[in-house]
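Asker: Structure incoming, see below.
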Amino acid sequence: MHFRRPFFLLAAVALLAAGPVAIGGKITEFAGPTGGVLRSIAPGPDGNIWFVEDSRDKIGLITPSGKVTEYPIPMPPRTSSAQPYGIAPGPDGNLWFTEGARGRIGRITPSGTIVEFFIPNGSSQPTGIVAGPDRALWFTENGGNKIGRITLTGATTEFTIPSARAFPFSIAAGRDGNLWFTEYGVGKIGRITPAGAISEFSLPTAGGHPFGIAAGPDGNLWFTENSADKIGRITPSGAIAEFPIPTPNAGPLGIATGADGNVWFTEGSLSNHAHKIGRITPAGALAEYPLPTAAAQPFAITVAPDGKIWFTENQQNANRIGLLQ
């Protein structure tokens, strides 16, 4: 799985502090925008869930009741597709997203106003994005082999990853004050300090292709190993443990920490055995929940402030947004 184009921590911490939220395993699916390939998904400051439409160059939102609204990304005449990928809530009350094809970072207000900022290297293919501890947004450059940082006013700084062809995808803010990211191409987990110092940690399983990553409820980072069918855990000091997923060919992708104190992930393989939402406890016990729609290919996953879990299904024949509660 090679794209070359992959939670709101404070909300999750607040929910956990208030007590675990029970997740009963009930799945509801809502029809998404027609023809769109849905990628990342994130909670907004307005109580809605926001997502990107890769193939339609739009940013969408879905209300808790399932109503969808879309906002087109500004596209000058004869301009190629923006291919938005990652989206995350910013510290300014807006949503920030990446445009993989045009090398831009976008900002959208809850009312739908979009502003775009250029990355110095336009072919860098920005992918994952997250709010950092320094009131800036941090993002991966899947094609540029860098980690980027953008301020709320649009000033960008880039940091080169030591390993060549790392193809970084997802990025998460750790509770240790650093940013953590997956290096899909070389099988490593990267850590970058707010000052830009990068460390890398190799996975025990060669060819695991780490994809999604999230800060866990236990102070560690949790990640998916797309090709190895495992969920990984890395401590702030770099010690890694791996947990095999019961379903073969699961192809895990997105991952997020739930308000119930567990970690949730998508099983996005096209295999007939997958198409599930998985749960792993901090101790490593796994459970799986099949989706109502066959061949749905669940992709990204996030947690709303009320503790409900939302995810995208990015196969065009499914084209749905799921809710797990």
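Each reported figure results from applying straightforward, stated rules to the coordinates on display, with no laboratory input. Treat the numbers as computed from the prediction; the structure is a model and nothing was measured. For neighbour counting, all protein chains shown are included, and Cβ atoms are generated from backbone atoms with ideal geometry for every residue, glycine included.
Asker: Rank these for me by crowding, T28, T257, going from fewest to most other beta carbons within 10 Å.
Answerer: T28, T257
Asker: Under 15 Å from the Cα of K67, which aspartates and glutamates turn up, not counting those fewer than eight places away in the same chain?
Answerer: In chain and number order, the partners are E29, D46.
Asker: For the range 22-97, what are the per-bin percents of Cα-Cα distances with bins 5 Å wide, up to the bin holding the maximum?
Answerer: It works out to 3, 15, 24, 23, 18, 10, 5, 1, 1, 0, in whole percents.
Asker: Moving on to the next point. Return the sequence-ordered ³J(HN,Hα) values of the range 204-218 in whole Hz as given by the Karplus equation 6.51 cos²θ - 1.76 cosθ + 1.60 applied to θ = phi - 60°, using x for Gly and Pro.
Answerer: Karplus values, whole Hz, x for Gly and Pro: x, 8, 5, x, x, 6, x, 10, x, 8, 8, 6, x, x, 9.
Asker: To continue, here is another question. Mind running the shape call on the range 249-302? Use the C-alpha gyration tensor, a ≥ b ≥ c as the square roots of the eigenvalues: rounded below 1.5 for a/c, prolate if a/b tops b/c, oblate otherwise.
Answerer: Since a/c reaches 1.5 and a/b is larger than b/c, the shape of the range 249-302 is classed as prolate.
Asker: Divide, for the chain, the radius of gyration over alpha carbons by 2.2 N^0.38 Å, where N is the residue count. Could the numbers behind the result be given before it?
Answerer: Values: Rg = 17.5 Å, N = 325, 2.2 N^0.38 = 19.8 Å.
Normalised Cα radius of gyration, the chain: 0.88.
Asker: Oh, and also: Excluding residues on the same chain fewer than 8 positions from K26, give the lysines whose Cα lies under 17 Å from its Cα.
Answerer: K276, K308
Asker: Starting from the amide H of Q83, placed 1.01 Å from N in the peptide plane, find each other amide H under 5 Å away whose residue is 5 or more places distant or on another chain.
Answerer: For Q83, whose amide H was placed from the backbone, the distant partners under 5 Å are D57, A101.
Asker: Amide H of T205: which non-local residues (sequence gap of 5 or more, or other chain) have their own amide H closer than 5 Å, using H built in the peptide plane?
Answerer: Close amide H contacts, sequence-distant or interchain: none at all.
Asker: Here's something else I'd like to know. Using +1 at the Cβ of each Lys and Arg and -1 at the Cβ of each Asp and Glu in the range 21-98, identify which of A22, G60, F97 lies farthest towards the dipole's positive end.
Answerer: Going by the Cα projections, it comes out as G60.
Asker: What number, rounded to the nearest 500 deg cm²/dmol, is the helix-based mean residue ellipticity at 222 nm of the chain, given -39500 (n - 2.57) per DSSP H run of at least four residues and division by all its residues?
Answerer: Result for the chain: -1000 deg cm²/dmol, rounded to the nearest 500.
Asker: ³J(HN,Hα) across the range 23-35 via Karplus (A = 6.51, B = -1.76, C = 1.60, θ = phi - 60°), whole Hz, x for Gly/Pro?
Answerer: 10, x, x, 6, 10, 10, 10, 10, 5, x, x, 5, x
Asker: A further question follows. Where the centre of each part is set by its Cα atoms, how far does the range 116-164 sit from the range 182-224, in angstrom?
Answerer: If we compute the Cα centre of each part, the gap is 17 Å.
Asker: Around G32, which amide H atoms from residues at least 5 apart in sequence, or from another chain, sit under 5 Å from its own amide H, with H modelled in the peptide plane?
Answerer: The list, which skips near neighbours in sequence, is R320, I321.
Asker: Given Cα positions, please report Rg to Rh for the range 110-246, the hydrodynamic radius being the Kirkwood one. Please report the intermediate quantities before stating the final value.
Answerer: Numbers: Rg = 14.7 Å, Rh = 15.0 Å.
My calculation of the ratio gives 0.98.
Asker: Order of 50-57, 105-112, 142-149 by packing, highest average Cβ count within 10 Å first?
Answerer: Peptide ranking by packing, descending: 50-57, 142-149, 105-112.
Asker: With only Lys, Arg, Asp and Glu charged, each at its Cβ (+1 for the first two, -1 for the last two), find how big the charge dipole of the chain is about the Cα centre; round to the nearest 20 debye. If you can, show how the numbers build up before the last one.
Answerer: Working: 24 positive and 24 negative charges, 73 e Å.
The dipole magnitude comes to about 360 debye.
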